[in-house]
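The structure under discussion appears below in the form of structure tokens.
The values are calculated or read from the model by the stated rules, or taken from the named source; none is laboratory data. In this text the structure is predicted, and so the values were computed from the model without any measurement. Cβ sites come from the backbone with ideal geometry, for glycine too, and all protein chains shown count toward neighbours.
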């Protein structure tokens, strides 16, 4: 793997900054001051103030962490469950593959938001339930990608040659299949992270995710809607923050995967 | 061909059935339990037990499911447990009302996505590596990163608040006032359409670039075919297959968008019904809505497969 | 005599304005109504020359010098519109891979009768095919015309075939359709770029004959680009030999073949199996014990029988060739011999052990005794592994097998295949021939008793083929057995002690090469042998005594 590029470093810094923000903010940042409610952006308050007079910049910065944590948890869980399943299905083939694929199809048939709303509708707003519900929807996606990538490698002649040399199946997977699929998997996992960010934001917007006490960016928008005509900045800034993070991850996802791919293998002489 | 159709329909039916089992299990086994949840946390154990018995929740799960399935096949999904105006309404009615809004909205959104995404993707491919291509790719990344509620918010700000061209709230039924209905769903459909145009544009671009680099196009150019013919006959037709595929794959994503915009624009579609049911712990409705959404997804994909076979002769079953 | 349709003088083509030259100072003339063959190995620049002549160089290549007169005009100087008209009316092109060249989404009729210079309405009609497919107006007419064309090209059921899609055609049929498309408008020049390389040997001759006739009928000059000297001898009036971008030798076919002046030409002639008349001196038959035995083996994939009732044996130190066309089941036989798949019926015995009955651990131990070499050098080596690591892989699994250390083993093996010192290279840095030699080094590593080579030399140039074959012959001399799966009957006959011929999953003939080639008993073998083009001209006396090294 080569050294990370400047863009990647930037993205990591931004994400880290957002995660750390709530702990870094000065204590007075969240102070309420009803006299200064709903002020438009100015030098003193770059993002303006909200309905309770709080500095909105501080509020938006603090709202990044809940969403990022939930998305990270979802992605991790989805990858830990989905990728091994997909690799297993692709490498084992036959009946195992068939069974796994059928199960995954059921997972695919229910759109992620639908499943999440249904689950949260039964359990009530709960971060754990949210993570589980979303992970249940994204794990099949990662499994499918992992399976396809594994199948592609298993069909290569160097795998056949390794079998002919007497190599054990699990070692073939570990030594030949996984290193060559790592790039695709990294890209897809990064994309799942961006999907999870958006899903969490939508669910919070609908009132089922984070609650007013510890809002994520999506939740901030719920509160901004009734005040659209009066204070549009309440909606513009948190949304923009979310879009920026998601765009950053999307733009780098391909590059991160490419960094792991056998670059030298592409474009070789025939 | 008919045999192909038969098997696919059977597969779809089995899948929908499996989803219904999942929905059923979900609602029964999650913490909170249906009756508990419907009554709220302050209900006494005795009240919960009484509701349990009344709803038949104390019987074996398999029996409950069999009963539910039997009724569901007759399109009877039980009655809503929501409070207020919806109490006691047959779930089937709620769903029917919801579909009347959601289906047109989803169709219009998809139509906008393809109408915007396909030409943009092809244009980007035609000028691959140059300005247009980069602009389209950048726009696609941004569009994909926009949460539907944010784009909707921005569109409302611009078109409803500042320009006053389109309403942001208010609902008229399509039967009563078709033109008014269209105005109502235009902004939400635009929101969904713009976001979903991105994967369409990307796929169209990638497919077009691949076909343009392929042998049939090279041969056509060597034979002196005019570029217009090459693009339409080979590139466009070649790009259609992956585009149709991606539209099918994105239906789940699209539905998420539909749910969000319905709630934000206060449209009484299936998404709004679902959210109300979630807030009210109305489990019969939740169950039914999951199955309906899943059924829609499965059927759309079946349609996509058929469309596939219509375009690509290699896919057709023998004799088709 | 009419003017030659193509005259090239001092052509220079570079990869980029200031990049390395791919074609240097090439001059040639295609005689009107005659055929000029442009011959060379991969990388010689022959295809690039042909494309430059048509003004359609691929992106990245630029014509930087020389003159081209295509039907008297310079294609590089023409505006795009005029060039299109020139190509559409005056030239025809026959590509190498007919499967890839036909768009799978349109019926064959729509691709061979597409109007070459459509007017406004014609263009709109063609464009409609994007959405309507073949259902656009004029369907019946197109089919009629296409059917007539296909029939002239020798296709039966032309009516039905015209409306069919490319995937329903065989390779030979597709190429006939493409030849029809390239000649029906009576062009002055037809360019054929390796038109038979992707086809089976049995079909090559027919397709080329058809091409020559169609061109002659149209009064066109034919520029035939090829690497196959044997074929070229029969079909070309003049031959130009290219090497590394330059023309090395040029002249009338008979003169070049009977009396080649340049060393490279002589090397090329000597390396072509099609032209070698004499055999390597007959070897004493191995007469050893049976090493591998295949008894009544059958294998099915889905509902299709790939192999049925195959029975043969391989003796220690024997070179057995398994010959068949694509899809005949010969590769399946190879994989079954290696125990990579289990037969549905019958058994495979190696040194007396039934491979299907062995426990996995025992089977893995046995694997060290039999190693494969596959066809595709690109995919037979892990792109992330260094060459040394790939070669050492069998040793990591089976133990050192007598080598003092892994490092020494790798060094010795690479030395032996002529790639000494390349342990750290990656496959992407090597050529196809070099990769194939790495694959052989890997196969030799565990000191096996048997090597199964599945089309190991098919993707290689003739000169490289010789080196790889030499390595296999050396292995055999040291006592190893070789099962050589190939579609090339002549190549098989050169080295083999026995030849097995496979047709549609059955072994139809088995015997020593002289018998199989000289007096084939089975009709299929007779057809295969009959399709082989005998050398048209005897090799010059000095060459025929040389044995390929």
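Testing residue B:224 on (1) more than 30 Å from residue A:229 (Cα to Cα); (2) away from chain C (no Cβ under 14 Å); (3) touching a helix residue (DSSP H, G or I) at 6+ places or on another chain (Cβ under 6 Å); (4) not in a helix (DSSP H, G or I), one condition comes back false. Which one is that?
Residue B:224 satisfies every listed condition except (2).
Residues of the stretch C:443-467 being farther than 17 Å from residue C:320 by Cβ and modelled with pLDDT under 90, which ones?
Matches in the stretch C:443-467: C:458, C:459, C:460, C:461, C:462, C:463, C:464, C:465, C:466, C:467.
Answer with yes or no whether residue A:159 is more than 14 Å from chain C (Cβ to nearest Cβ) and in contact with a helix residue (DSSP H, G or I) (Cβ under 9 Å, 6 or more places away or on another chain).
Judged against the criteria, residue A:159 is not a match.
Which of the strands (runs of 3 or more DSSP E) found entirely inside the stretch C:308-406 contain at least 1 residues meeting this: assigned by TED's automatic domain parsing to the domain that holds residue C:486 and under 27 Å from the mean Cα position of the chain (by Cα)?
So the answer is C:319-323, C:370-373.
Filter the stretch C:219-249 for residues that are outside any loop (DSSP other than H, G, I, E, B) and surrounded by fewer than 19 Cβ atoms within 10 Å (Cβ to Cβ) and give the result.
If the condition is that a residue be outside any loop (DSSP other than H, G, I, E, B) and surrounded by fewer than 19 Cβ atoms within 10 Å (Cβ to Cβ), then C:234, C:246 are the ones that fit.
With B:251, B:298, B:258, B:247 as the choices, which residue is more than 8 Å from chain A (Cβ to nearest Cβ) and touching a helix residue (DSSP H, G or I) at 6+ places or on another chain (Cβ under 6 Å)?
B:258
Need the failing condition index for residue C:156 against (1) more than 20 Å from residue B:216 (Cα to Cα); (2) without any contact (Cβ under 8 Å) to a residue 60 or more places away in the chain; (3) under 28 Å from the mean Cα position of the chain (by Cα); (4) surrounded by 16 or more Cβ atoms within 10 Å (Cβ to Cβ), just the number.
(4)
Within the stretch C:179-202, can one find any residue that is outside any loop (DSSP other than H, G, I, E, B), within 19 Å of the chain's Cα centre (by Cα), closer than 24 Å to residue C:324 by Cβ and not assigned by TED's automatic domain parsing to the domain that holds residue C:528?
yes
Scan the stretch C:106-134 for residues that are in a helix (DSSP H, G or I), within 11 Å of chain B (Cβ to nearest Cβ) and loosely packed, with under 14 Cβ neighbours inside 10 Å and jot them down.
Of everything in the stretch C:106-134, those that are in a helix (DSSP H, G or I), within 11 Å of chain B (Cβ to nearest Cβ) and loosely packed, with under 14 Cβ neighbours inside 10 Å turn out to be C:120, C:131, C:132.
Return yes when residue B:180 is free of Cβ contacts under 8 Å to residues at least 12 places away in the same chain and more than 8 Å from every other protein chain (Cβ to nearest Cβ) and no when it is not.
So residue B:180 fits the description; yes.
As an exercise: evaluate residue A:79 against (1) at pLDDT 80 or above; (2) within 29 Å of the chain's Cα centre (by Cα); (3) surrounded by fewer than 16 Cβ atoms within 10 Å (Cβ to Cβ); (4) more than 27 Å from residue A:212 (Cβ to Cβ) and give the number of the one condition it does not meet.
Condition not satisfied by residue A:79: (3).
The rows are residues; the columns are (1) over 26 Å from residue B:296 (Cβ atoms); (2) more than 10 Å from chain B (Cβ to nearest Cβ); (3) in contact with a helix residue (DSSP H, G or I) (Cβ under 8 Å, 6 or more places away or on another chain).
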residue: A:87; (1), (2), (3): yes, yes, yes
residue: A:96; (1), (2), (3): yes, yes, yes
residue: A:106; (1), (2), (3): no, no, yes
residue: A:119; (1), (2), (3): no, no, yes
residue: A:134; (1), (2), (3): no, yes, yes
residue: A:139; (1), (2), (3): no, yes, yes
residue: A:149; (1), (2), (3): yes, yes, yes
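Evaluate the stretch A:21-35: report whether one residue or more is in contact (Cβ under 8 Å) with a residue 60 or more places away in the chain and either surrounded by fewer than 20 Cβ atoms within 10 Å (Cβ to Cβ) or touching a helix residue (DSSP H, G or I) at 6+ places or on another chain (Cβ under 8 Å) (or both).
Taking every residue of the stretch A:21-35 in turn, none turns out to be in contact (Cβ under 8 Å) with a residue 60 or more places away in the chain and either surrounded by fewer than 20 Cβ atoms within 10 Å (Cβ to Cβ) or touching a helix residue (DSSP H, G or I) at 6+ places or on another chain (Cβ under 8 Å) (or both).
Which condition number does residue B:72 fail, the rest of (1) modelled with pLDDT under 70; (2) under 30 Å from the mean Cα position of the chain (by Cα); (3) crowded, with 16+ Cβ neighbours inside 10 Å being met?
Residue B:72 satisfies all of (1) modelled with pLDDT under 70; (2) under 30 Å from the mean Cα position of the chain (by Cα); (3) crowded, with 16+ Cβ neighbours inside 10 Å except (1).
Restricting to the stretch B:285-320, name every residue that is in contact (Cβ under 8 Å) with a residue 40 or more places away in the chain and closer than 14 Å to residue B:98 by Cβ.
Across the stretch B:285-320, the qualifying residues are B:285, B:286, B:288, B:289, B:290, B:291, B:292, B:295, B:296.
Only one of these is within 24 Å of residue C:106 (Cα to Cα) and outside any strand (DSSP E or B): C:205, C:212, C:161. Name it.
Going through C:205, C:212, C:161 in turn, just one is within 24 Å of residue C:106 (Cα to Cα) and outside any strand (DSSP E or B): C:161.
Evaluate the following for residue B:153: is it more than 14 Å from chain C (Cβ to nearest Cβ) and in a loop (DSSP other than H, G, I, E, B)?
No; evaluated as a whole, the condition is false for this residue.
Among the candidates C:42, C:27, single out the residue that is surrounded by fewer than 19 Cβ atoms within 10 Å (Cβ to Cβ) and at pLDDT below 90.
None of the other options fit; the residue is C:42.
Kindly establish whether residue B:211 is closer than 24 Å to residue A:196 by Cα and at pLDDT 90 or above.
Answer is no for this residue.
Just to be sure I understand, how many residues within the stretch C:411-445 are more than 10 Å from every other protein chain (Cβ to nearest Cβ) and assigned to a helix (DSSP H, G or I)?
Counting residues in the stretch C:411-445 that are more than 10 Å from every other protein chain (Cβ to nearest Cβ) and assigned to a helix (DSSP H, G or I) gives 13.
Do you know which of the residues in the stretch B:10-34 that are within 8 Å of chain A (Cβ to nearest Cβ) and over 10 Å from residue A:106 (Cα atoms) is modelled with the highest pLDDT?
Checking each candidate, the answer is B:23.
Give the stretch C:41-84 a look and list any residue that's part of a loop (DSSP other than H, G, I, E, B) and touching a helix residue (DSSP H, G or I) at 6+ places or on another chain (Cβ under 9 Å), or say none.
Across the stretch C:41-84, the qualifying residues are C:41, C:42, C:54, C:55, C:56, C:57, C:58, C:71, C:78.
Among B:279, B:215, which is the only one that is within 8 Å of chain A (Cβ to nearest Cβ), surrounded by fewer than 21 Cβ atoms within 10 Å (Cβ to Cβ) and free of Cβ contacts under 8 Å to residues at least 40 places away in the same chain?
B:279
Per-residue answers, yes or no, for (1) closer than 27 Å to residue A:235 by Cβ; (2) outside the structural domain of residue B:264 (by TED's automatic domain parsing); (3) in a loop (DSSP other than H, G, I, E, B):
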position	(1), (2), (3)
B:119	no, no, no
B:129	no, no, yes
B:171	yes, no, yes
B:187	yes, no, no
B:190	yes, no, no
B:196	yes, no, no
B:204	no, no, no
